[in-house]
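Participant: Here it is, the structure, as structure tokens.
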Amino acid sequence: MKRLFSKKMGLALTSLISATVLSLGSTQVTAKDTFRMSTLGPGTSPYMVMTTFANTINKNLPEYSIVVNATGAATKHALDTSKGKVNFYMSSPILHHLMSNQLAMYKKVKGAKELSTELRTIFNFPMGVYHSAVYADSGIETMQDIKGKRVFAGPPGSAARRTVIQMIEAITGYKAGEDYTAVKLGWDAAGQSFQDGNLEVYFNPTNAPSPVISQIALTKKIRFLGIPRNDLENNEGITALTKRPGFRITQLAQNTYGENQVNTDSVYTLAVTVGISTNKNMPEDTIYNMTKTFWEQVITQYDNAPWLRNISVDKALVDLNMPLHSGAERYYREIGLMK
């Protein structure tokens, strides 16, 4: 009887161990590496590009899962990524310049310069142009007319807000908080607030045509303010802005947003480069697989998302001032983009 009991117990234990091994094996096969990505709010180019990146990886590489958080500012996202709290964030040449030199918003951040050395780029892409939208019936026709108005320059602490405030001051001499109200909102809330008529001037650095602004232009006439032609070469403040990493002068065409755009000429404005970056400790194979998959798949989406045509592998290294992640570099060498 004892022997029979022992034999049954042995068989039961063997079955339990076998089931556990099978279960563990199954877990290992189906488990995903989950990564966190921080980006700007809906309606911005970084949001669209980075969510496309995440969706492409999630769909084509089932071993990985990227969860997107579209709140906050890139300045904080960079710090979070450098500390390993986040895996991906929207980088920019100017942001990295400020962080690595402990300037501007990073001036009082302890160890910002050292933390910047923890960051690596996957690729850069054009964020687009600085749109400065107003309603055609607002009476605002030039930057000079924004005095006393409610202006969205960008979220608090963002590089975009700093750029817009500097641009306005260079053109008009106006100071935020004194000559106009620089409202404190996030990207998504600001877009909605402008649609609702609670903002008089709406700045957004994004690829044109922007889905958010296009939606507004379907039913309302809009105008875009620009940099006066005389200021392109003779304004020291504007020149200083264009000399920053990743910035240049460009034009927003008068017919970009259809019949409801009332501009009769193209307007001069700023264009800026941004990117997707990560922590240097992310595994090389992981970043290589993601980089390769994204660039191989993105071209298949051009017909359904025409704005994506601005994003191409031949521009991936434009304005690069941060080291590439080893996995991304491996891919670019493989396709001959780097020697």
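The values are calculated or read from the model by the stated rules, or taken from the named source; none is laboratory data. Note that this is a predicted model, so its numbers are computed, not measured. We place every Cβ from the backbone using ideal geometry, glycine too, and count neighbours over all the protein chains shown. Just so you know, the surface numbers come from the protein's heavy atoms only, side chains and all, with ligands and any DNA or RNA stripped out. Shrake-Rupley method; radii C 1.70, N 1.55, O 1.52, S 1.80 Å.
Participant: Show log10 I(q)/I(0) for the stretch 32-145 at q = 0.18, 0.24 Å⁻¹, two decimals, from a solvent-free Debye sum over equal Cα scatterers.
Facilitator: -0.95, -1.34
Participant: In the full protein assembly as shown, how much of residue 96 is accessible to a 1.4 Å probe, in Å² to the nearest 10?
Facilitator: The value for residue 96 is about 20 Å².
Participant: Convex hull over the alpha-carbon atoms of the stretch 97-158: what's its volume per residue in Å³?
Facilitator: 136 Å³
Participant: May I ask you to work out the translational diffusion coefficient for the stretch 190-339 at 25 °C, viscosity 0.890 mPa s, via Stokes-Einstein with Rh from the Kirkwood sum over Cα pairs, reported in whole µm²/s?
Facilitator: 134 µm²/s
Participant: Please compare each pair in 107/149; 59/292; 76/184; 76/315; 85/110; 113/339 to a cut-off of 19 Å on the Cα-Cα distance and tell me which ones are over it.
Facilitator: Beyond 19 Å between Cα atoms: 107/149; 76/315; 113/339.
Participant: Which aspartates and glutamates, if any, have their Cα less than 17 Å from the Cα of residue 108, not counting same-chain residues under 8 positions apart?
Facilitator: Answer for residue 108, where 17 Å is the Cα cut-off: 80, listed by chain and number.
Participant: Report the local net charge at residue 94: Lys and Arg +1, Asp and Glu -1, summed over other residues whose C-beta lies under 14 Å from its C-beta.
Facilitator: Residues close to residue 94 contribute a combined charge of +4.
Participant: Turning to a different aspect of this structure: With no solvent and one point on each alpha carbon, what is the Debye value of log10 I(q)/I(0) for the chain at q = 0.16 Å⁻¹?
Facilitator: Each listed q maps to, in turn, -1.39.
Participant: Any idea what Rg and Dmax come out to for the stretch 266-326 if you just take the C-alpha atoms, in Å?
Facilitator: Calculated on Cα positions, Rg and Dmax stand at 14.2, 46 Å.
Participant: Same structure, new question: Starting from the Cα gyration tensor of the stretch 26-99, multiply each eigenvalue by 5, take the square root, and state the resulting semi-axes largest first in whole Å.
Facilitator: The answer is 25, 15, 9 Å, longest axis first.
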